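Structure first, commentary second.
The values are calculated or read from the model by the stated rules, or taken from the named source; none is laboratory data. For clarity, every value in this text was computed on a predicted model and none was experimentally measured. With ideal geometry, Cβ positions are generated from the backbone for all residues, glycine too; neighbour counts draw on all protein chains shown.
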Amino acid sequence: MERSPILGTRGSPLALAQAHKVASALEVGNRWPADFVQIQTVETSGDRIQDRPLAEFGGKQLWTKELDRALMEHEVDFCVHSLKDVEAIRPRDINIAAVRPRGDMLERLIGAESIDALKEGAVVGTSSPRRKAQLLSLRPDLKIVPIRGNVQTRLAKLQSGEVDATLLAGAGLRRLGINNVGTPIPLEVMLPAPTQAVIAIECRADDAVTQSFLTIVDDRTTHTLVSIERAFTAALGGSCHSPVAAYAEIVEGKVRFRAQLLSEDGRDQVFEDVTFECADLDTPTKLARAMLDRSPDSIRSLFTAG
């Protein structure tokens with residue numbers, strides 16, 4: 001490439017850590033010199049509004065719309081996102097060119113050794129409808145309160161006693177160099193959000209040059225698995241209000257796919273654990289519709305496809 005490519009990212013500590021990881025991988029993979037990739041921060045609406053849950057004022061597009069604008073106006077060449085924060089259906093002019101290998105997808109409980117060990121009526125801070133519903137399904141006595149801000153802000157609120165415990169993604173903690181904090185929650189207890197722990201790289205769909213150098217750092221196995229998870233969520237027609245969990249992995253050459261839909265209060269849930277071929281995107285789509293068909297109104301009403 002004749003000039004340095006420009007990478008667009010949010011300016012949070014985690015977003016910048018992920019951006020630098022992607023930039024380094026691109027420099028190594030394309031045999032560019034160190035610091036060849038330029039990193040440009042873009043403030044998003046989600047970063048500006050910190051006093052309300054994301055679902056109350058616009059959903060996931062508040063993490064992406066400003067970066068999308070910068071991309072389409074050629075201010076940046078590509079953007080780096082936490083894929084779980086990216087809408088399941090994207091503009092046709094934007095392409096997920098590459099994803100990096102999946103990190104630690106487990107949730108970490110900070111403030112207690114386990115969910116069972118939380119005191120009666122403990123106050124747990126999370127603004128995620130999925131985490132709230134999953135916690136209440138396991139412990140209806142818990143008091144769930146919204147908590148926004150970056151990882152450091154949430155940890156500070158825990159330290160100040162504002163909440164008794166909180167949940168954070170293991171991958172985010174690791175990427176920030178915050179190790180040995182919190183207790184990993186097994187997948188059998190709490191499934192992650194669809195595409196959790198995956199870094200995605202998007203570019204303009206008509207930009208063949210950028211697409212070509214981004215493809216070099218694409219992890220094909222992870223790309224296949226998150227495509228399955230995103231096909232499932234797209235078929236549901238969910239929003240940030242919709243408590244949904246899903247996780248795909250390769251087991252003995254096939255995809256094992258686990259999915260969970262919950263009511264907002266966690267009292268109702270539908271769960272599936274299925275196996276199918278890696279190239280099969282029809283099964284997760286059909287599974288989403290079948291799960292909604294057998295869901296009670298308390299779940300079905302949270303998804304537009306229902």
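Just the residues that are surrounded by 14 or more Cβ atoms within 10 Å (Cβ to Cβ) and small (Gly, Ala, Ser), please, taken from region 264-289.
266, 288
Can you confirm whether region 256-263 contains a residue that is in a strand (DSSP E or B), more than 17 Å from the chain's Cα centre (by Cα) and crowded, with 16+ Cβ neighbours inside 10 Å?
Yes, there is a match, as at least one residue in region 256-263 is in a strand (DSSP E or B), more than 17 Å from the chain's Cα centre (by Cα) and crowded, with 16+ Cβ neighbours inside 10 Å.
Do you know which of the residues in region 264-287 that are in a strand (DSSP E or B) and either touching a residue at least 60 places away in the same chain (Cβ under 8 Å) or charged (D, E, K, R) (or both) is nearest to residue 222 (Cα to Cα)?
Across region 264-287, the extreme among qualifying residues is 273.
Count, please, the residues in region 258-305 that happen to be under 22 Å from residue 89 (Cβ atoms) and hydroxyl-bearing (Ser, Thr, Tyr).
Qualifying residue count, region 258-305: 5.
Per-residue answers, yes or no, for (1) outside the structural domain of residue 25 (by TED's automatic domain parsing); (2) at pLDDT below 95; (3) not charged (D, E, K, R):
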residue	(1), (2), (3)
75	no, no, no
85	no, yes, no
98	no, no, yes
123	yes, no, yes
128	yes, yes, yes
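Consider residue 238 against the criteria (1) modelled with pLDDT of 95 or more; (2) touching a strand residue (DSSP E or B) at 6+ places or on another chain (Cβ under 7 Å); (3) not assigned by TED's automatic domain parsing to the domain that holds residue 115: it satisfies all of them except one. Which criterion is unmet?
Every condition holds for residue 238 apart from (1).
Those residues that are touching a residue at least 60 places away in the same chain (Cβ under 8 Å) and touching a helix residue (DSSP H, G or I) at 6+ places or on another chain (Cβ under 6 Å), I need them from region 112-149; list them, please.
Hit for region 112-149 is 115, nothing else.
This table checks each residue for (1) within 30 Å of residue 68 (Cα to Cα); (2) within 19 Å of the chain's Cα centre (by Cα).
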{"position": "211", "(1), (2)": "yes, no"}
{"position": "217", "(1), (2)": "yes, no"}
{"position": "229", "(1), (2)": "yes, yes"}
{"position": "251", "(1), (2)": "no, no"}
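Can you tell which of 252, 272 is within 30 Å of residue 142 (Cβ to Cβ) and not assigned by TED's automatic domain parsing to the domain that holds residue 72?
272
Just give me the residues in region 202-229 being over 20 Å from residue 281 (Cβ atoms), in contact with a Cys (Cβ under 7 Å, 6 or more places away or on another chain) and either crowded, with 24+ Cβ neighbours inside 10 Å or without any contact (Cβ under 8 Å) to a residue 24 or more places away in the chain (or both), in sequence order.
If the condition is that a residue be over 20 Å from residue 281 (Cβ atoms), in contact with a Cys (Cβ under 7 Å, 6 or more places away or on another chain) and either crowded, with 24+ Cβ neighbours inside 10 Å or without any contact (Cβ under 8 Å) to a residue 24 or more places away in the chain (or both), then 214 is the only one that fits.
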